[in-house]
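Please read the structure below before turning to the comments.
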Amino acid sequence: MNHFFYSPLYISILTMTAQAQSSTPEELAPMVVTGKSESLLGTAGTASKGQASNLELNERPYLRRGELLEAIPGVIITQHSGDGKANQYFVRGFNLDHGTDFSISMDGQPVNFVTHAHGQGYADLNPIIPELVEQLDYWKGPFYGQLGDLSTAGAAKFRFFNMLPQGIATFGYGEDNYFRGLIADTIDLTAPADVSQDDANNSSLTPSNDDRSGFTYALEYNYYDGPWELPSNSQRINGFLKYYKQSGQDQFSITAMGYDGEWDSTDQIPKRAVDNIGRFGNLDETLGGESSRYSLMAAWDRENTNGRTHADFYVGYYDLDLFSNFTYFLTDPVNGDEFEQKDERYFAGGEIRREWDFGNSSTFTVGLQTRHDLISGVGLYNTLDRERLSTVREDDVYEANVGIYAVADYHVNEWFRMQPGLRADGFYFDVESNDPVNSRNKTDGIVSPKLNLIFGPWSETEIYANAGLGFHSNDARGVTLAVDAADPIVRTYGYELGVRTEVLPNVVSTVALFYLHSDSELIYIGDAGTSEPGPATERYGIEWSTYWRPTYWLTIDNEITLSEGKSLGVGSDNEIPGAVPITLNAGVTFGRDEGFFGSLRGRFFSPRPLIEDGSVESRQSFQVNSRVGYRKNDWEVAVDVLNLLGRDDNDIEYFYASRLPGEGVDGVEDIHFHPTEPRTFRISLTHRF
């Protein structure tokens, strides 16, 4: 491949955050930094498998917490409402609403929520503190036995540090009353190693590498008003505590996380209202919400003589109170169409797995995963000024999922590997509704085989052929309806052909051809503010990613996805609303341990159909973010410029009918959009200790 082919695409650069170094490095285990330019030859099962390191995540200038996921090729993150809501996710052309069919977890705890008040698979990344993420692993397609519900398009796993390499204190300030403060550190609890009397006064001795422990803490506060006519008053508080101990072949950790947020929201607005209220105006000043999430996680790992054993468990509490109004006065011309979505639940689950090593680097793994959601009063209410007027629906729900899987990584010979897998899942849905006719329970199960074939490496190149069956569950409230109930589980399947090559020095490049089919896709309904089961769909496309690190202080990357999606069995009007044909992420990052560093990053997504006949399309979007800074010793100062080009793009667009005051009872069909934020400057000061 010709490196110079990419140069026109590199109109963006990532930031370079200081690599963490402990003030007492001899007391911590060595940290291996892995990233997208690291070699996965001999380990990956698909061309689209990858990872991003802590450095790669934190060197990116980003506007929203969810944009951490844009480190994954083919992923676009936007927002159609306030900062406290989950973002809008696009993956390989899928409009995934707030997370449907893309599973996200943090240290083994799922982020997505099933049977959520605002949509199936709702995944809010606000509880994650970026500086605490050691690595982000990602997968695409239904090809992995370890991945279950809501993972057809892909999956992402955030892995937190067990012990931070350095303490960190950060203060950020920016336009529109942006403030951010963070302090995080690890208290090393490792006991001194046994030493002889002659060495008792030798302070340079290190403790045993097989016995170490530490207590990590972090506290983060964010405030932001945004550019909106109605200040968003967005506040977020995150807390993090983790105890970690390694003793011989055993590792144990227990983690407590807490998040609390509140915000006022400027939702999407109709295009026809812009002349009166402006791009950043609103039609209902009482929208917004409150959300909180508290959880406790424990994990244990043991290195056995012939493999590894892992067990983890989590339990948590979640609450959301969300007020929206997407149609204004279409349904209720007197009080307006404002509504409240309420979700309050306790959740628990975990995983146990055992991996065995065999000759020729082969492995065999079996595991059991379980999840339980006890939802109290998931409800939809008509409201006025955040006061309830009537109940549309209110349900108590218990939903349980148990999955077992077995996967193998069999090295047939030095140039051929096989990764067969088999997964079986069972679901239980129990709904007690305010309408007794919809109060019932239901069970269902599904079996999903997988197969990955890997050929090579030859000349630092591997070839992959992948096939797999997957699934997603539907909202329990739809599953137990007395009339026109939704299928509890929807079958999906996919294929992928890919190549991963490192034949050029310091270059990692992957190409993947993919196909995905869903028997029923979850479609976001713009005027209802939720997702509903839709027709069967299929998607196919190509994804190309290249990462070039010519020197240790310079990285260049390019990620492009082309896809085509169609609904099946619906006639000629078969466009999938919101399906994005083309996405592009590209960037350049430079910086040494000291001195100037910088990053420029560009993101493009193409026009997309907004209705089934394709007659109405969205605008394209092209955003460029930049960071430049200087670091010296343990100090760092950086300036971010978000939307560097000052473009008036839109984050999201829908087409549906709404009614403004004075309009007819049937309303007006129109494009409704949420604008990108204008050019924004932010400065941050960081001290590492």
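The values are calculated or read from the model by the stated rules, or taken from the named source; none is laboratory data. All values reported here derive from a predicted model rather than from experimental measurement. Every residue, glycine among them, receives a Cβ derived from its backbone with ideal geometry; neighbour counts consider all protein chains shown.
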Of the residues G595, G591, only one is surrounded by fewer than 21 Cβ atoms within 10 Å (Cβ to Cβ) and more than 30 Å from L513 (Cβ to Cβ); which? G595
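Could you list, in sequence order, the residues of the stretch 455-473 that are touching an Asp or Glu at 6+ places or on another chain (Cβ under 6 Å) and not hydroxyl-bearing (S, T, Y)? Show your work before the answer.
First, pick out the residues of the stretch 455-473 that are touching an Asp or Glu at 6+ places or on another chain (Cβ under 6 Å): 456, 460, 466, 472-473.
Of everything in the stretch 455-473, those that are touching an Asp or Glu at 6+ places or on another chain (Cβ under 6 Å) and not hydroxyl-bearing (S, T, Y) turn out to be G456, E460, N466, H472.
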Quick one: is A638 among the aliphatic types (A, V, I, L, M), over 22 Å from R65 (Cα atoms) and under 27 Å from the mean Cα position of the chain (by Cα)? no
Yes or no: N325 under 28 Å from the mean Cα position of the chain (by Cα), closer than 30 Å to F673 by Cβ and either without any contact (Cβ under 8 Å) to a residue 40 or more places away in the chain or surrounded by 15 or more Cβ atoms within 10 Å (Cβ to Cβ) (or both)? yes
With criteria (1) at pLDDT 95 or above; (2) surrounded by fewer than 23 Cβ atoms within 10 Å (Cβ to Cβ); (3) touching a helix residue (DSSP H, G or I) at 6+ places or on another chain (Cβ under 7 Å), S509 comes up short on (3)
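Given the structure, is I671 among the β-branched types (V, I, T) and not in a strand (DSSP E or B)?
Details: among the β-branched types (V, I, T): yes; not in a strand (DSSP E or B): no.
No.
On the given criteria, is I404 part of a strand (DSSP E or B) and farther than 26 Å from A256 by Cβ? Talk me through it step by step, then tell me what you get.
Numbers: part of a strand (DSSP E or B): yes; farther than 26 Å from A256 by Cβ: yes.
Criteria met by I404.
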Just one listed residue, out of L132, L182, is at pLDDT 95 or above and touching a helix residue (DSSP H, G or I) at 6+ places or on another chain (Cβ under 7 Å), and it is L182
Does V437 satisfy the criteria of being closer than 28 Å to T115 by Cα, outside any strand (DSSP E or B) and hydrophobic (A, V, I, L, M, F, W, C)? yes
I'm trying to understand the selection: among the residues of the stretch 390-405, which are aliphatic (A, V, I, L, M) and either surrounded by 14 or more Cβ atoms within 10 Å (Cβ to Cβ) or within 24 Å of the chain's Cα centre (by Cα) (or both)? V397, A400, V402, I404
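Would you please name the residue that is surrounded by the most Cβ atoms within 10 Å (Cβ to Cβ), looking only at residues in the stretch 84-112 that are of a type in the set (G, A, S), under 11 Å from the mean Cα position of the chain (by Cα) and on the phi < 0 side of the Ramachandran plot? Working first, answer last.
Filtering the stretch 84-112 down to residues of a type in the set (G, A, S) leaves 84, 86, 93, 99, 103, 105, 108.
Subset that is under 11 Å from the mean Cα position of the chain (by Cα): 86, 99, 103, 105.
Cutting the leftovers down to on the phi < 0 side of the Ramachandran plot gives us 86, 103, 105.
Values: A86: 27, S103: 24, S105: 19.
Filtering the stretch 84-112 for residues that are of a type in the set (G, A, S), under 11 Å from the mean Cα position of the chain (by Cα) and on the phi < 0 side of the Ramachandran plot, the one surrounded by the most Cβ atoms within 10 Å (Cβ to Cβ) comes out as A86.
Condition check ((1) without any contact (Cβ under 8 Å) to a residue 40 or more places away in the chain; (2) out of contact with any Phe, Trp or Tyr (no Cβ under 7 Å at 6 or more places or on another chain); (3) outside any loop (DSSP other than H, G, I, E, B); (4) not β-branched (V, I, T)) across all residues:
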{"residue": "W228", "(1), (2), (3), (4)": "no, no, no, yes"}
{"residue": "P231", "(1), (2), (3), (4)": "no, yes, no, yes"}
{"residue": "Q235", "(1), (2), (3), (4)": "yes, no, yes, yes"}
{"residue": "G239", "(1), (2), (3), (4)": "yes, yes, yes, yes"}
{"residue": "Y244", "(1), (2), (3), (4)": "no, yes, yes, yes"}
{"residue": "M257", "(1), (2), (3), (4)": "no, no, yes, yes"}
{"residue": "E262", "(1), (2), (3), (4)": "no, yes, yes, yes"}
{"residue": "D267", "(1), (2), (3), (4)": "no, no, no, yes"}
{"residue": "V274", "(1), (2), (3), (4)": "yes, yes, yes, no"}
Select from the stretch 605-627 the residues that are surrounded by 20 or more Cβ atoms within 10 Å (Cβ to Cβ) and not hydroxyl-bearing (S, T, Y) and write down the one among them that is nearest to T589 (Cα to Cα). R627
